[in-house]
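Report on one structure; see the data block that follows.
The values are calculated or read from the model by the stated rules, or taken from the named source; none is laboratory data. All values derive from a computational prediction rather than experimental measurement. Positions of Cβ are generated from backbone atoms using ideal geometry, with glycine treated the same way; all protein chains shown enter the neighbour counts.
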Amino acid sequence: MNQSDLEKEVAALKKELSKVQSDFSQLAEDSKGAAKHVTEAAKDAAAQATAKLEAEANKLMESLQGAKESALKTGEVAVAGVQDQIQERPLVSAAAALGLGFVLGMLISRRS
């Protein structure tokens, strides 16, 4: 091999090395872009999930509020019914309360 062939070979290797460096630089840029895209997609997905959870939580709170109001109305109706019964039949109500107290007392004393 003569000097000219060797110089051509070195020049070709330098050119190839330069191309490899350029390819690595491009790969690094592409990786940065892909990472940025993935990060943005993850942020969007997290925001959507958060919004969906908030909407579901609001629906649940509204449902619980409705159940609470329904239970309060039912309780008020029951209390009003008991009050009416007590006013209409005070002696029967007092006897029923006495009997219930006696039964509960017996049950509690057996457990002790």
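Some notes on this structure:
- Filter pass, GLU40 being under 32 Å from the mean Cα position of the chain (by Cα), of a type in the set (D, E, K, R) and surrounded by 10 or more Cβ atoms within 10 Å (Cβ to Cβ): yes
- Looking only at segment 1-14, and only at residues there that are in a helix (DSSP H, G or I) and loosely packed, with under 10 Cβ neighbours inside 10 Å, the one that is modelled with the highest pLDDT: SER4
Condition check ((1) surrounded by 10 or more Cβ atoms within 10 Å (Cβ to Cβ); (2) among the aliphatic types (A, V, I, L, M); (3) touching a His at 6+ places or on another chain (Cβ under 7 Å)) across all residues:
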site: ALA45; (1), (2), (3): yes, yes, no
site: MET61; (1), (2), (3): yes, yes, no
site: GLN83; (1), (2), (3): yes, no, no
site: GLN87; (1), (2), (3): no, no, no
